[in-house]
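The structure appears below as structure tokens.
The values are calculated or read from the model by the stated rules, or taken from the named source; none is laboratory data. Being a predicted model, the structure only gives us computed values, none of them experimental. Because the Cβ atoms are built from the backbone with ideal geometry, glycine has one as well, and the counts that use them run over all protein chains shown. Note: areas computed on protein heavy atoms with side chains; ligands, DNA, RNA excluded. Shrake-Rupley method; radii C 1.70, N 1.55, O 1.52, S 1.80 Å.
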Amino acid sequence: MSEAPSTLPLTSFEMKALAGVVAMECVEETKKMVEFAKKRQMPDKESQDKLMACWAKTYTNSMNTCKEDLEKLIGCLDNNERRSLKCADLRKMYEENYVKNVILKEQN
């Protein structure tokens, strides 16, 4: 894995690994997409672009601050596709490190 390209082609395991921190980082963008879904409408390009940019930012922040934790979690999810609960400790460690090293530092 390297820095996120603008199109952000992530594997399903990468997306699953990032999901928890994306939920913390991309709250407004996700809410907007849910509103479209509730109305059974296609999201506008601006909303799609904002959500993609937030995913890309989260991926880049993860690679810059807790790459090893993220890669371990992705590997575990890949090896335990139907048993992701086996990766709970790795997910917790990755998410805690992300909060400590990215979210809390951004707030200061």
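Within the stretch 76-84, is even one residue assigned to a helix (DSSP H, G or I) and either hydroxyl-bearing (S, T, Y) or within 11 Å of the chain's Cα centre (by Cα) (or both)?
Checking the stretch 76-84: at least one residue is assigned to a helix (DSSP H, G or I) and either hydroxyl-bearing (S, T, Y) or within 11 Å of the chain's Cα centre (by Cα) (or both).
Could you look through the stretch 87-108, keep only residues that are of a type in the set (D, E) and within 13 Å of M24 (Cβ to Cβ), and pick out the one that is nearest to the chain's Cα centre (by Cα)?
Step by step, filter the stretch 87-108, then rank; the result is E95.
Sort out which residues of the stretch 38-86 are of a type in the set (D, E) and either in contact with a Ser or Thr (Cβ under 6 Å, 6 or more places away or on another chain) or closer than 17 Å to A17 by Cα (or both), and write them in order of number.
E68, D69, E71, D78, E81
Mind checking which pairs have a first residue in the stretch 69-86 that is of a type in the set (F, W, Y) and open to solvent by 20 Å² or more (accessible area, probe 1.4 Å) and a second that is part of a helix (DSSP H, G or I) and modelled with pLDDT of 95 or more, Cβ under 7 Å, 6 or more apart or different chains?
none
Of all residues in the stretch 24-68, how many are of a type in the set (F, W, Y), out of contact with any Leu (no Cβ under 9 Å at 6 or more places or on another chain) and crowded, with 16+ Cβ neighbours inside 10 Å?
0
Conditions (1) within 15 Å of the chain's Cα centre (by Cα); (2) in a helix (DSSP H, G or I); (3) at pLDDT below 95, marked per residue:
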| position | (1), (2), (3) |
| --- | --- |
| A23 | yes, yes, yes |
| S47 | no, yes, yes |
| W55 | yes, yes, yes |
| D69 | yes, yes, no |
